[in-house]
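Asks: This structure is in structure tokens; I'll ask about it shortly.
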Amino acid sequence: ISDLIIALRTSKEFFYFFFWFLISFVAISLGWITVEYFGLKLSLTRRAAGKIEEDDILEIETVISNSGFLPILNLVLEDRLTCAFSREREKRFLLEYLGPGSKLNLKYRSPCPRRGRYEIGPFSVYFFDLWGLFYLKKTFFIYSEVYVYPRTFHIPKFPALVKGAVPWFGIETSHVSGDEHEFYGIREYKPGDPIKRIHWLSTARKNKLIVKQFQRQVFFRASIVFNLDKDKNFGEGKESVAEYIIKIAASVAKYFIERNVSVELIAHIGEITHIPFNKGEEHLEDIFKVLTIAQAESRISMAELFQEFSEYIPNDSSLIVIMLDEDWELLPAMLSLKAKNISLVPLVLVASSFLRSHEKQKVIEFPEIKLPEGFDFAPIFFSCGDNLEQAFLK
């Protein structure tokens, strides 16, 4: 349009000059970004923490390297941060110059408000011409897996658990000690026995490897059971039944693992999820990963879930049931647990408090629940907006 206006008001010679000037300008611009796009040897590396908790800040470091012989001019790097707020998911950086054979470290941060498993990435690189009029886009499919775990809270006090017993190193004895690693005797070494169990004094006397053996281990076992019913997921966002159940389950599991309690997880989150009894940090990681991706997709009732798994809950253990007060009719079915010396700890969410959460009510009337004859426990109640840590002190 500019060229046409000039042609109408000036000479033909100037029109041709201006026309070819524009053509040359565009050709140089497109030629430059084409050379950059196909000629540059660009490499990108991202480093980020593999796990954080909700509302934490994810620290990210990206290294961009120019291993070619051409400099980088007017390049825009974009990283997609899927765990961030929707308006902050694209992080962009302008690189005005990066010389041949050099590298640049970019450090940036991203808040992660919601639990979940995220794939950070990919990178998008925009190659601009010298004047910033045209660009070509290249995508680097580099991803980083990040688990945003549910945020846990401190549990100051928990009801007493029942202590159970299982064999240790395959040895059954009639005597049960309160110690978890009480010495029982010695025997000849077998392939696979831990080196730290070798009894060196006996080994020297007998001139062959002798190991210590232990009587059966005695410890606490706890089964955590919950059901994320899609039709009963009252509330919205973080103030929903499912989010409270997951936060409570994660905090209880962490509480037990830190106290060397063997933990089992049984849940229905659209499908049956069962993590068998175990201890230690790795076991807690397995539980957290399940809770991180869990969604309220169950189409069965809490009673159906209990009926499916109740016979597998071991004797002399504790059952922690996270449930709604609407599922209280399930309690009579739990009377059979008394015969197996199973301690029941119900953690009960008041459904009506989630329905009225928008009213910011500070006082919730807890339902009057009559315990079946033979039950000697006190349920712990939670309502929407509660300080969950304080609820365990009531």
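Asks: Could you say which residue among Glu180, Glu188 is modelled with pLDDT of 80 or more, more than 20 Å from the chain's Cα centre (by Cα), surrounded by fewer than 15 Cβ atoms within 10 Å (Cβ to Cβ) and acidic (Asp, Glu)?
Replies: Values: Glu180 fails: modelled with pLDDT of 80 or more.
On inspection, the qualifying residue turns out to be Glu188.
Asks: Would you pick out the residues in segment 122-131 that are out of contact with any strand residue (DSSP E or B) (no Cβ under 6 Å at 6 or more places or on another chain) and not aliphatic (A, V, I, L, M)?
Replies: Within segment 122-131, Asp129, Trp131 meet the criteria.
Asks: Restricting to segment 134-147, name every residue that is among the aromatic types (Phe, Trp, Tyr) and within 19 Å of Glu88 (Cβ to Cβ). Walk me through it before giving the result.
Replies: Filtering segment 134-147 for residues among the aromatic types (Phe, Trp, Tyr) gives 134-135, 140-141, 143, 147.
The answer is Tyr143, and nothing else.
Asks: Identify the single condition in (1) under 30 Å from Gln390 (Cα atoms); (2) modelled with pLDDT under 90 that Ile171 does not satisfy, given that it satisfies every other one.
Replies: (1)
Asks: Considering only segment 282-305, state which residues are part of a helix (DSSP H, G or I) and open to solvent by 20 Å² or more (accessible area, probe 1.4 Å).
Replies: Within segment 282-305, the subset part of a helix (DSSP H, G or I) is 282-293, 302-305.
Residues satisfying the conditions are Glu282, Glu285, Asp286, Lys289, Val290, Ile293, Ala303, Glu304.
Asks: What are the residue pairs meeting all of these: first residue in segment 91-103, first residue hydroxyl-bearing (Ser, Thr, Tyr), second residue modelled with pLDDT of 90 or more and surrounded by 13 or more Cβ atoms within 10 Å (Cβ to Cβ), Cβ atoms under 8 Å, and 6 or more apart or on different chains?
Replies: The qualifying pairs are Ser102/Ser65.
Asks: So how many residues does segment 54-79 have that are polar (S, T, N, Q), open to solvent by less than 70 Å² (accessible area, probe 1.4 Å) and over 28 Å from the mean Cα position of the chain (by Cα)? Even if it seems obvious, please write down each step before you answer.
Replies: Residues of segment 54-79 polar (S, T, N, Q): 62, 65-67, 74.
From what's left, open to solvent by less than 70 Å² (accessible area, probe 1.4 Å): 62, 65-66, 74.
If we keep only those that are over 28 Å from the mean Cα position of the chain (by Cα) too, we end up with 65-66, 74.
Of the residues in that region, 3 qualify.
Asks: Could you check, for segment 214-222, whether at least one of its residues is in a strand (DSSP E or B), touching a helix residue (DSSP H, G or I) at 6+ places or on another chain (Cβ under 8 Å) and at pLDDT 90 or above?
Replies: Initially, segment 214-222 is screened for residues in a strand (DSSP E or B), giving 214, 217-222.
Right, trim to touching a helix residue (DSSP H, G or I) at 6+ places or on another chain (Cβ under 8 Å) and you get 220, 222.
From the residues that got through so far, the ones that are at pLDDT 90 or above too are 222.
Yes - at least one qualifying residue is present in segment 214-222.
Asks: Turning to a different aspect of this structure: So is Ala267 outside any strand (DSSP E or B), of a type outside the set (S, T, N, Q) and open to solvent by less than 20 Å² (accessible area, probe 1.4 Å) or not?
Replies: Values: outside any strand (DSSP E or B): no; of a type outside the set (S, T, N, Q): yes; open to solvent by less than 20 Å² (accessible area, probe 1.4 Å): yes.
No; evaluated as a whole, the condition is false for this residue.
Asks: Could you list, in sequence order, all residues of segment 80-89 that are under 11 Å from Ile120 (Cα atoms) and open to solvent by 70 Å² or more (accessible area, probe 1.4 Å)? Don't jump to the end; show me each part of the working.
Replies: If we filter segment 80-89 for residues that are under 11 Å from Ile120 (Cα atoms), which is where we start, we get 80-84, 89.
Arg80, Arg89 - these are the residues of segment 80-89 that are under 11 Å from Ile120 (Cα atoms) and open to solvent by 70 Å² or more (accessible area, probe 1.4 Å).
Asks: Which members of segment 90-115 meet the condition of being surrounded by 14 or more Cβ atoms within 10 Å (Cβ to Cβ), of a type in the set (Lys, Arg) and not in a loop (DSSP other than H, G, I, E, B)?
Replies: Lys91 - this is the single residue of segment 90-115 that is surrounded by 14 or more Cβ atoms within 10 Å (Cβ to Cβ), of a type in the set (Lys, Arg) and not in a loop (DSSP other than H, G, I, E, B).
Asks: Looking for something more than 22 Å from the chain's Cα centre (by Cα), crowded, with 23+ Cβ neighbours inside 10 Å and closer than 17 Å to Val321 by Cβ - is there at least one such residue anywhere in segment 214-232?
Replies: Keep residues of segment 214-232 that are more than 22 Å from the chain's Cα centre (by Cα), which gives 214-221, 231-232.
Filter once more, keeping what is crowded, with 23+ Cβ neighbours inside 10 Å: 221.
Remaining after also requiring closer than 17 Å to Val321 by Cβ: 221.
Yes, segment 214-232 contains at least one residue that is more than 22 Å from the chain's Cα centre (by Cα), crowded, with 23+ Cβ neighbours inside 10 Å and closer than 17 Å to Val321 by Cβ.
Asks: Still on this model: Looking for something open to solvent by less than 50 Å² (accessible area, probe 1.4 Å) and closer than 30 Å to Thr152 by Cβ - is there at least one such residue anywhere in segment 33-47?
Replies: Within segment 33-47 (the criterion being open to solvent by less than 50 Å² (accessible area, probe 1.4 Å) and closer than 30 Å to Thr152 by Cβ), the answer is yes, since at least one residue qualifies.
Asks: Those residues that are open to solvent by 70 Å² or more (accessible area, probe 1.4 Å), in a loop (DSSP other than H, G, I, E, B) and more than 15 Å from Leu95 (Cα to Cα), I need them from segment 116-133; list them, please.
Replies: Selection gives Leu133 alone.
The values are calculated or read from the model by the stated rules, or taken from the named source; none is laboratory data. What you see is a predicted model; the values in this text were computed from it and never measured. Every residue, glycine as well, gets a Cβ built from its backbone with ideal geometry; the counts of neighbours run over all protein chains shown. Please note that ligands, DNA and RNA were not included when accessible areas were found on the heavy atoms of the full protein model with its side chains. Shrake-Rupley method; radii C 1.70, N 1.55, O 1.52, S 1.80 Å.
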